[in-house]
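Here's the structure, in structure tokens; my notes come after.
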Amino acid sequence: AQTVTQSQPEMSVQEAETVTLSCTYDTSENNYYLFWYKQPPSRQMILVIRQEAYKQQNATENRFSVNFQKAAKSFSLKISDSQLGDTAMYFCAFTSNYGGSQGNLIFGKGTKLSVKP
Amino acid sequence: EPEVTQTPSHQVTQMGQEVILRCVPISNHLYFYWYRQILGQKVEFLVSFYNNEISEKSEIFDDQFSVERPDGSNFTLKIRSTKLEDSAMYFCASSERQGRSGELFFGEGSRLTVL
């Protein structure tokens, strides 16, 4: 069974600095998708960034980038130039790309990030 | 910007009672999901729904649970006889494409408290 592990329950960073959130996963599959979702205090989860396992290039979305290490099954999120609005719970998630799966997400427990002024 | 809406935001019920949680997905989306998060635990997949039928469900989604899309806009989750362990935040989500290739849009959640 696939699992997703986020080993940092809480983190904090000073505004304008860079922070990296860790995520590891376990799967026997070769083709899958990985995601980072952000859940601000208003509770609505929104997609931050998405990585397809067959792509070697790390995904980037503005200040957010990932370090995808397929062999190590690691998928960390780097937030550059942290802003107060980045304060949220961050969830790492996995989904299989095999035909039988409709893409249900397997989530980690989350990392609560606080950006301090 | 279109969003997924859920009602109620919080419901308190007695054990053994039936509960219906409602969701209005984004209008042009075709895939619908329910997830739940017990306090302090991971967000867990419950069920996915496409073309008016369940496409996938987890072990959690037993006979006490059911979903339907009664009127083409609402997407409901029914728990027939609630148990204490059903207390959780329930999230509805929708996507334009299958979840593995498409972005899931989540609602703010419905908190269910079973006494």
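Observations on the structure shown:
- Counted as qualifying within the stretch B:4-115 are the strands (runs of 3 or more DSSP E) with 2 or more residues that are within 11 Å of chain A (Cβ to nearest Cβ) and open to solvent by 40 Å² or more (accessible area, probe 1.4 Å), namely B:43-50, B:53-57.
- Residues within the stretch A:68-87 that are open to solvent by 70 Å² or more (accessible area, probe 1.4 Å) and in a strand (DSSP E or B), tallied: 2
- Filtered residue count, the stretch A:13-42, keeping only those that are closer than 20 Å to B:Phe91 by Cα and surrounded by fewer than 18 Cβ atoms within 10 Å (Cβ to Cβ): 3
- Qualifying position, being more than 15 Å from the chain's Cα centre (by Cα), at pLDDT 95 or above and not basic (Lys, Arg), among A:Ala72, A:Ala88: A:Ala72
- Condition check for A:Ala53 on (1) away from every other protein chain (no Cβ under 11 Å); (2) of a type in the set (A, V, I, L, M, F, W, C); (3) surrounded by 15 or more Cβ atoms within 10 Å (Cβ to Cβ): one failure, at (1).
- Identity of the residue in the stretch A:104-117, outside any strand (DSSP E or B), open to solvent by less than 10 Å² (accessible area, probe 1.4 Å) and closer than 13 Å to A:Gln2 by Cα, that ends up modelled with the lowest pLDDT: A:Leu105
Each row is one residue, and each column tells you yes or no for (1) part of a strand (DSSP E or B); (2) in contact (Cβ under 8 Å) with a residue 60 or more places away in the chain; (3) out of contact with any Pro (no Cβ under 6 Å at 6 or more places or on another chain).
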{"position": "A:Gln8", "(1), (2), (3)": "no, yes, yes"}
{"position": "A:Glu17", "(1), (2), (3)": "no, yes, yes"}
{"position": "A:Tyr25", "(1), (2), (3)": "yes, yes, yes"}
{"position": "A:Glu29", "(1), (2), (3)": "no, yes, yes"}
{"position": "A:Tyr33", "(1), (2), (3)": "yes, yes, yes"}
{"position": "A:Lys38", "(1), (2), (3)": "yes, no, yes"}
{"position": "A:Gln44", "(1), (2), (3)": "no, no, yes"}
{"position": "A:Val48", "(1), (2), (3)": "yes, no, yes"}
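The values are calculated or read from the model by the stated rules, or taken from the named source; none is laboratory data. Since we're looking at a predicted model, the values are computed, not measured. Backbone-built Cβ (ideal geometry, glycine too); neighbour counts: all protein chains shown. Accessible surface areas use protein heavy atoms only, side chains included; no ligands, DNA or RNA. Shrake-Rupley method; radii C 1.70, N 1.55, O 1.52, S 1.80 Å.
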